Every structure is written in structure tokens, then in C-alpha cells.
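Inspection log for the structure reproduced underneath, given as C-alpha cells.
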Amino acid sequence: MKVTIALIAVGGVLFGCGTALLLSRPLTRILLGAVLLGNGANLLVLATAGRAGKPPLLYPGTDPKDVADPLPQAMALTAIVITLALTAFLLAMAYRGWQLSGDDDVQDDVEDIRIALRAEHEGTRAELRAVLRADRVRQARAEETEDLDDEVWDHVLGADR
């Protein structure tokens, strides 16, 4: 099974571009990213199918070693159907979002923002508690040192009297 490096490189580029597009906010870019990822997956799956030109089925009189593996072809067909369904769904979502708001940007979820702010606030509260605890420890040590200094001065002054 000999695979050209060009197919693998093109599949990797499709995966990279698709991932970059999926991470953007507009639904049309997310749609294009999903399509690129699907095409990259199909290309890489078919690149592993073996040498081109082999018959996909075992015909009478052919050697079983000369037949292409049908599993990658079946997986590619399944991936095509899944990509088509996902494309139709994302296209409908983008069109409906454009109808309602005039753009297709994915809006921030209010609940996600609230949870993030709560986590940040909890982190701030924990940091504040740690600072207060450290301040109390410093203050207690200073009081102990002050008491010790008073005892030492009392002893020194008492010895001088």
C-alpha cells in the first residue's frame, strides 16, 4: 500500500483550515469549516484504501490480493452522508439567524457568561481569603515577637534595677 505524501499533506491542510474556520464566530465560516473537515477526512480515509486502479469487488477470475479494500470506501460514503446532513443543518441555522438578526454571528450565551463570572468571583474570594489568612498569621507572629520583646526588655530592665 503506497500512499503519496501529497494526499496526506492536502488532507492535513484541509483539517487545519477546517479547524481554524470552526473556531470563528460566524455560522457561515463554521459551515465551511465542517465541510473542509469532512472532505479532509474522506481524502485521508480514501488515501489509506490502497493503490488506485484495483477493482473494488472480487470478480470471477481475479486474485483476492488484487482487490481494493471496500471498508475505506464504505466509511467515506458514510462520512459524505454525515457531512451532507451537518451542512444542511448548519446552513438552515445560519439562514434562520440571518433572518432574525441580520447577521449570522453566534451570540454569547448569557448563562455561560454568568458561570464564568461566578468562577472568577469565587477565585477572587479564595485569593482574598488566602491574603487575609496570611495577614492574620503575620499579625500573630508580630504580636508574639512584640510580647517576646517586652519580656526581654522587662528582664533586661529588671536586671538593671
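We did not get these values from a lab; they are worked out from the coordinates using the rules stated. This one's a predicted model, so the numbers in the text were calculated from it and none came from an experiment. No Cβ is skipped: glycine too gets one built from the backbone with ideal geometry, and neighbour counts run over all protein chains shown.
Of note:
- Over the C-alpha atoms of segment 56-140, the Rg to Rh ratio, Rh being the Kirkwood estimate, stands at 1.49.
- Other-chain or far-sequence residues with amide H under 5 Å of D105's (modelled H): L27
- Here each label is just a point 7 Å from Cα along the line to Cβ, and for L132 and Q99 those points are 5.4 nm apart.
- A protection proxy built from the mean count of other Cβ atoms within 10 Å ranks the segments 134-140, 6-12, 38-44, most packed first, as 38-44, 6-12, 134-140.
- Model label sites at V67 and Q139, defined 7 Å from Cα along the beta-carbon direction, differ in position by 8.4 nm.
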